[in-house]
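Structure first, commentary second.
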Amino acid sequence: MSETAGSSAEQAGGLSPNGRVLLVMIASDHAMFDDLITALLDIGLTGATVIESRGMGSILREEMPIFAGLAALIPEHTGSRVLISVTTREQAQRVFRFLETELKVANRPIAVTVPVELAVGLLR
Amino acid sequence: MTERLRLLVAAIAVVVFTLFVQRWPGGAVDSAPILTDAMGNPFTPSPSGILDTAAGLGLLLLGAWLFGRLAAGVRLPKISAYLVFGALIGPGALDLVTSEQLPNLRLIDDLAIALIALTAGGEIEYRLLRQQAKSVTLVALGRAVVVFAVLTPTIILAKDFFGFGLMETVQAELVIGLLVALFATATSPAVVIATLADLRARGPMSQLSLSVTVLWDLVLVVLFAVLVAIAGPIFARELGHASAGMHDEGWLIVALAKKLGGSFALGAVAGLGLTWYLRRVKAHLPIVVVLACFAIAIIADALHLKALIAALVAGLLLRNIWEEDSEPLFETVEELSLPVYCVFFAVAGARIDLALVEHLWPAAPCSRSCGPRSCGSGPARGRCSRVSRGRSRCGSRHP
Amino acid sequence: MKFFLAILLIVTIALLSVSARFFRFRRSRIVVALVSGGWLHVLVGVLIGPEVIGAVEEGALAKLTPLLVIGLGWIGMTIGLQARREVLRELPRSLFACAAVDVASSVVVFGLLSWLILGMWMPDAPVAARWPGAVLLTTASIGWLLETRSLRASSTPAAARLALCVRGSGALCAMAAVLGFGLLAHASSRGPDGALSFHWGDAVVMASVTALLAVMAGLIGRFALRLAGGDRSELLLVFLGLVALVAGSATSLGYSPMLASALAGAVMANLAGPALRRFERFILQAEYVVASLFSILAGMLLDVHIGLAGVGLAAALAGARLLVKAPVFAFSARRQWERGIPGPAPAPTLPESSPLFLAPIRQAPLAIALGVALVLSEASPMARKLLGVVVLTGVLTSAPMVIAAMRTGARTGRADDREPEPAQDASPGAESAPEGGADR
């Protein structure tokens, strides 16, 4: 059982809603990313890091275009964004609820949480 | 420029675009002379009907969609707009989609029927259906009783007006009256599904409408087969022919059981196949859904089964047994629905023989006034009227 | 029933070929060299078509015409959508120069070669009758297969730049090929008596009308895309509708569906806003499926009985590609690259030698699409034989590249893409210039 810094509930090994998790979201749709950020702010998730990334599919396709040889140069086609944030479990659950109820399957980013054992540098 | 005006301009632009292309001199050879290529080989060029089909499809898609958006802007139902647009550009009016092109668009009918039935099956939850079983049965039966009770005597009494005056026996008149009443009770699941999707209606009332339509469709198949079996010998006697195809009741029951049972089995197999794909592969869903709908249509046609029932059963099973796996599939079906509905209803509108409508229009309000009402009572009536407003007769492939 | 079965069969094969398992196979350089040109799918099409097994009959093929028209429109629009001003502005000028040199050399060499050999193959045919075939073979020779994985031995920045040069200039050549075929192939047309003759005036009118159609369609498309917003079902409808309308209208008029769709795509790419990005993603994600489907259809359409003359023509074209394309590209790439990079820092260079310089030998898959376009415009036995010649040329040019890919695979990790000697006054970071068109 991993130990987490924080409340006694966590120390007892329970899953406290205030326990910290690392929320990782991979959004491949640039057009909806702006709305996603706005929605996260509404939920209360105000701190996150966004990393420009590339999907494996685009790397697989990059060296093997058929007709669209210039498309690999256009970032909107090849890029995705990874959003990471250390947040509470409760907030992460709110984010997941939003993703499941408000977004269609096709527009949904991939989102996972990873339990956080130790953390430093967080503001609160 | 307001949005509505822009929509109108865009819709007109699409029509004008096609008009311009059609009226431009030159183009593909209309008749089919024998030509010779550079090597001296004779050949026949492709008929213009088949070359023009792609343009017709484009016009139907874009034009019907824009027209539908325009109609929605003035709070009219989109389905009716698609039908009206199809009628306007069809052979009966502007002839932008010609009668040579329409047979090539049959593919869309097969796809649409199966897709709509799949959607309909996917909308029906067994849990809710059990709760509503009594209401569904009462509404379906009640509706049928009212329609038969009102329309059958009306048809018989006004037989001269409707062109059946030559019938000599009461049995023949009665059979005709029953047949017309039976047709009048038919409700296209296509229209119901498309209207519910258009209005984004969800809830017990929508479930009731859909369940009544689906149940009555199944009953209709049986009733229609029975009536046709009865009508055959009666008409043969009326016309003085030897009665062709007179079968006993035992054969009829076996034939019906085969048709229905086979359709159910096909639907179950299709459902299983789709679930396997969703669990193991889960990629390129739009193409797989289209493929599955075609497969259901082809196999049903080849085995003389009902594609609509098979797709319905597939949808029912996917929704109620493999619910978790099937969610992405139904999302994909929803995505495909719009282009399919646009073309399906627009093609149905283009197929309307306006000359015949001009001749027979008095009969339409009579049958429609006794026609399908899947209303409940009280508060549901308001939503019911919105559902009813969107309905109209269409769909040449209705069972 | 058979027609529907034909569709099922074609789509099933296309889906299998873009499944995850097949993508895994494509990680092998030899496999990717074999399948990238679409030849495998064409072979499947030939096998199931009326010429061999006959699973798809001649009658069913005729009914597939609307699908072919939409396929050509899709390919044209995919190419046209890349012609976005801001993207083209950012490309290194060397790419444009390489493409221009290739177009000029192809027109001269392959144009002359095609004309001469077609003249020998069809000695009794009037000039106007040979013209569409000559245009097809010439424009089919412009550009090359854009796949670079099979020939890239190392991951050095220099090799990456060369791969970019191959893909970028190849893509520009594809645009030129579509334009050239669309404008020139219809310069000869049939009169009322059915005989082919030149109508240059009509060709100019055709070009103007196609441009007008494309602009109208582009404007309608821009509005429709804005209306559709982010809704996937509406995007699908707008795309299918536009492609079918533009390509179908051009076909009805006897003009080039690919050119019309490409021009419409170019107009939309430069007018539409954010809604276009989703649209473009949507099209690109379907690129492999559409290419697979199309190649299978092409295989069913072509005539395998091209005779010795046809085989000779294909061999001559393949030989000319072997002798001319690679050296011309290598020369122009090195020369233009060195010239084209402004700025005080030493220019990032290309490798001194690399299998990638052989990439232009392989015929582009676009050639199959151009062949199908000719068959669509004139469903004659000659057009189907010429499609067979084009496909055979592609197979013949891919074969030596499979051997090159095998040797590349053996060389991987030995850094045989020899990097040039570093310049003595190289400033820090000059060799780590980012990829993807950053040489500005």
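Computed from the coordinates by the stated procedures, all read-outs in this text should not be read as laboratory data. The shown structure was predicted, so the numbers you read here are calculated from the model rather than taken from an experiment. Here the Cβ is made from the backbone with ideal geometry for all residues, glycine too, and neighbour counts use every protein chain on show.
Residue separation of B:Leu223 and B:Thr169 scaled by 0.36 nm, minus their Cα-Cα distance, works out to 17.2 nm of gained length.
Within the shell defined by Cβ-Cβ distances under 14 Å, the residues around B:Val288 carry a net charge of 0, with Lys and Arg each +1 and Asp and Glu each -1.
Ranked by the mean number of other Cβ atoms within 10 Å per residue, highest first, peptides B:296-309, B:317-330 order as B:296-309, B:317-330. In this label model, C:Trp200 and B:Leu303 are separated by 6.4 nm, measuring between points 7 Å along each Cα→Cβ vector. Counting only other chain Cβ atoms within 10 Å of each residue's Cβ, the peptide C:276-289 averages 5.
In this structure the amide hydrogen of C:Ala125, modeled in the peptide plane, comes within under 5 Å of no amide hydrogen from residues 5 or more places off or on another chain. The phi-based Karplus calculation (6.51 cos²θ - 1.76 cosθ + 1.60; θ = phi - 60°) puts the 3J(HN,Hα) values of the stretch C:124-135 at 8, 6, x, 4, 5, 6, 7, 4, x, x, 5, 5 Hz, whole numbers, x for Gly and Pro.
Distance between the modelled labels on B:Arg130 and A:Val50, one decimal in nanometres: 4.8 nm (7 Å Cα→Cβ projection). Counting charges near C:Pro381 (Lys, Arg +1; Asp, Glu -1) among other residues having Cβ under 9 Å from its Cβ returns a value of 0. Each residue of the stretch C:277-282 was assigned a 3J(HN,Hα) from its phi angle through the Karplus curve 6.51 cos²θ - 1.76 cosθ + 1.60 (θ = phi - 60°); the sequence is 4, 5, 4, 5, 4, 4 Hz, with glycine and proline shown as x. Net charge of the neighbourhood of B:Leu272, taken over other residues with C-beta under 13 Å away and scored Lys/Arg +1, Asp/Glu -1, is +1.
When each of the peptides B:262-272, C:133-143, A:84-94 is scored by how many other beta carbons lie within 10 Å of its residues on average, the order from highest to lowest is C:133-143, B:262-272, A:84-94. Between A:Phe96 and C:Met120, the FRET efficiency estimated from the beta carbon spacing at R0 = 60 angstrom works out to 0.25. Per-residue 3J(HN,Hα) values for the stretch B:323-337, derived from phi via the Karplus relation 6.51 cos²θ - 1.76 cosθ + 1.60 with θ = phi - 60°, read 5, 5, 5, 8, 4, x, 5, 6, 4, 5, 4, 5, 5, 6, 4 Hz in sequence order (x marks Gly and Pro). Size descriptors for the stretch C:2-415 (Cα atoms only): Rg and Dmax, in that order, 20.9, 67 Å. When you work out D = kT/(6 pi eta Rh) for the stretch A:18-115 at 20 °C and 1.002 mPa s, using the Kirkwood radius from C-alpha pairs as Rh and the Stokes-Einstein form, the result is 148 µm²/s.
Near A:Ser80, the amide H atoms lying under 5 Å from its own belong to A:Ser53, A:Arg54, A:Gly55; only residues 5 or more places off or on other chains count, and H is placed 1.01 Å from N. Using the Cβ-Cβ distance between C:Ser353 and C:Leu112 with R0 set to 30 Å, the FRET efficiency from 1/(1 + (r/R0)^6) comes to roughly 0.50.
For a modelled paramagnetic label at B:Val16, 7 Å from Cα along Cα-to-Cβ, the residues of the stretch B:49-69 in reach, with backbone nitrogen under 19 Å, are B:59-60, B:62-68. Taking a ≥ b ≥ c as the square roots of the eigenvalues of the alpha-carbon gyration tensor, the stretch C:66-203 is classed prolate because a/c is 1.5 or more and a/b outweighs b/c. Within straight-line reach of B:Lys282, meaning a Cα separation under 17 Å, sit the following lysines at least 8 residues removed in sequence or on another chain: A:Lys104. Using a Förster radius of 30 Å, what is the FRET efficiency between C:Ser155 and C:Arg24 based on their Cβ-Cβ separation? Nearest 0.05, please. Given R0 = 30 Å and the Cβ-Cβ separation, E is 0.90. Most tightly packed first, judged by the mean number of other beta-carbon atoms within 10 Å of their residues, the peptides C:93-99, C:28-34 read C:93-99, C:28-34. Per residue of C:226-239, other chain Cβ atoms within 10 Å of the residue Cβ number 5 on average. Shielding by partners for peptide B:17-25, expressed as the average number of C-beta atoms from other protein chains within 10 Å of each residue's C-beta, is 5.
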